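Inspection log for the structure reproduced underneath, given as structure tokens.
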Amino acid sequence: MEKNLPDRKDVQEELTWRLEDIYPEKSQFDSEMEEAARLAEEFAGREGSSAASASALLASLDTLERISLLEERFLSYASMRQDQDTADQASQADLKRAQSLAVKIARELAFFEPELLKVSDQEMEDWYRQEPGLKKYQITIRDIFRKKAHSLSAEMEKTAAAAGEMAQVPSTAFGMLADADLTFPSVTGDDGQETVISNGRFVPLETMSSRPVRKEVFEKFYSRYAEFKDVWAALYDGQVKQQMFYSRLRGYGSNFEAAVDEVNVSPAVCDNLFAAVHNNLDKMHRYVRLRRSLLGVDQLHMYDVYAPMVEGVQWSVTFEEAKEIALKALAPLGDDYISLLQQAFDNRWIDVVENKGKRSGAYSTDGIYGVHPFVLLNFNGTLNDIFTLVHEMGHSLHTWYSCHNQTFFNSQYKIFVAEVASTTNEVLLLEYLLSVTEDKAKLKYLVNHYLESFKGTLYRQTMFEEFERKTNEMAEQGIPLTAQSLSDVYYELNKEYFGPDMVSDDLICWEWCRIPHFYYNFYVYQYATSFAAAVAIAHRILKEGEPAVKQYKQFLSSGCTQDPVSLLKIAGVDMSTARPVEEALQVFEEQIERMESLS
């Protein structure tokens, strides 16, 4: 790990993403924004006639598709330029321009869905026969009609769209404070060298073998967040309130109901997750007891959560080594998958290392249709970084398969299935490493990682979801969301999930302040459901081979052509029941037993 972060200009070009693949010249970004603005203004002139006939509707949808494709491109480009250096003023300005235009476009297109919903079901069936070109948009039309009960008048849709720019403020402000303005002190590491703490470095520093260093990092990191506790609370409260505005406006019973309806999933799926996890908290508590025993401490603290349970294993890798491991681990997915992975590695789809001002964490872009996906990493050379690499490439290749097999609108798979491909890759990587590792210490290290995946993804993300559900319900009941009330909820959940063998240090109550996914509107539970699905899919691929791979790629290629639960059934998983979660947690228990037998 570098002791000081480089400036963006000093990062080697081959370790940066090539945004020129979207726009070879910056002027093209401006040009496409201008085209999108012009087309949206022209589209606004169709109000009153956009769905007056089959041919009028087809023309409207063709234009809408072009506007949406342009918007995806210019928003993605502006966001990525901002993320690579959040302190860059020019990039900040371009992103704000792009976001403002997106809100303006939404306002100008807002009349369309209410007009389309005036068309009767029978009339629409007649139009499909009259104008075969409409079949291209049948899935989009069907999804609009599905939410008819929550649609608004054209004027109200315009008002809702106009509020979009204000609705972005909590999330934008959170990102600017967390990634650009918030700074941290340094810490003296195991090697005696000073290292500046950052959001991207927090977890790697918490894996250091020196317990006093971990404690110091933990306390300095969360104390810094606590200094701004009232700001974080105000931002989170603003996020919840904007969600309440939209959910109530559209007649939903709660923010959660609105969120799951947006992705066409029953609330019962999340409720099944809660039930299954709570029924299996004993396994989480057993894991915590095992962790305390293997670390050899009388009391387990929150700064011990990331410490490897296996001593003496230093598993560091270069980025080149990480790529080679990824290619071997994902080989069961077939030659075409590996070829695409190699393209990503060779052609700068990935922004690899952390630099000053770079957004923390990692992600893969949702698009960009007609180009290719991009990945942001903050690679520090740890075992976790290999898993992050294959995780994000899972997202990217899901997007690639979907975009290359579906039309633009049909390629846009719902968020509910977005984490399945990424986590399937992680499980395949883990099973590969377990199969080729002979050294007992490293084998234990890998089992440790498997256990951490369950703890961090299935249990932790479910805990996050409970926090989000509880605090949204508080706001909906008129209970103020303050720094204290939010921290109280988070602290009690932390104690419940980790159990009596974990000391829930006071500072952990501020962890909610740093979680960006709380600004994604009930996104987090889908990590847990996706993890359960991925465990089943990966084991099926390894056991059955080509037949399972074929079905899995059909799932990857299907975009949003069916509802998410039906799409997962293609890959052999039924998330309408608690069974996948229960079975995944059985694997968790088996790995606990495996670690116990190795120790």
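If the chain linking Gln342 and Lys328 were pulled fully straight, counting 0.36 nm for each residue of separation and taking away their Cα-Cα distance, it would gain 3.9 nm. Residue-normalised convex hull volume from the C-alpha trace of the stretch 213-346: 254 Å³ per residue.
Arg540 sits with roughly 60 Å² accessible to a 1.4 Å probe, with DNA, RNA and ligands left out of the calculation.
Screening the chain for whole DSSP H helices with an alpha carbon extent of at least 27 angstrom along the helix axis and a mean Kyte-Doolittle hydropathy of at least 0.0 yields 525-544. Principal axis extents of the C-alpha atoms in the stretch 293-370 (largest first, rounded to whole Å): 56, 35, 21. Projected onto the charge dipole of the chain (+1 at Lys/Arg Cβ, -1 at Asp/Glu Cβ, origin at the Cα centre), which of Phe379, Ser504, Ala178 gives the Cα projection farthest towards the positive end? The listed residue farthest towards the positive side: Ser504. Amide H to amide H, with H built 1.01 Å from N, His301 comes under 5 Å of Val503, counting only residues 5 or more places away or on other chains. Principal semi-axes of the equivalent ellipsoid, √(5λ) from the alpha carbon gyration tensor of the stretch 358-437, are 25, 16, 9 Å from largest down. Size descriptor for the stretch 90-163, Kirkwood hydrodynamic radius: 14.1 Å (Cα pairs only, one decimal).
Averaging Cα coordinates gives a centre for the stretch 360-383 and one for the stretch 289-344; these two points are 18 Å apart. Model label sites at Thr16 and His517, defined 7 Å from Cα along the beta-carbon direction, differ in position by 3.0 nm. Across the stretch 454-481, no residue has a backbone nitrogen under 13 Å from the label position 7 Å along the beta-carbon direction of Ala234. Between Asp335 and Asp439, the contour length at 0.36 nm per residue exceeds the alpha carbon distance by 34.5 nm. Between Gln130 and Ile479, the contour length at 0.36 nm per residue exceeds the alpha carbon distance by 120.2 nm.
Can you give the FRET efficiency to the nearest 0.05 for His150 and Met176, using r as the Cβ-Cβ distance and R₀ = 30 Å? For His150 and Met176, the calculated efficiency is 0.40. Dividing the C-alpha radius of gyration of the chain by 2.2 N^0.38 Å, with N its residue count, gives 0.97. Put a dot 7 Å past the Cα of Glu42, heading toward its Cβ, do the same for Asn279, and the two dots end up 5.7 nm apart.
Evaluated over the stretch 422-552, the count of Lys pairs having alpha-carbon atoms less than 28 Å apart is 11 (only pairs 8 or more residues apart or interchain).
The values are calculated or read from the model by the stated rules, or taken from the named source; none is laboratory data. Not measured: the values here are computed from a predicted model. Neighbour counts are summed over all protein chains in view; Cβ atoms, including those assigned to glycine, are modelled from backbone coordinates with ideal geometry. The accessibility values were calculated without ligands, DNA or RNA, using every heavy atom of the protein model including side chains. Shrake-Rupley method; radii C 1.70, N 1.55, O 1.52, S 1.80 Å.
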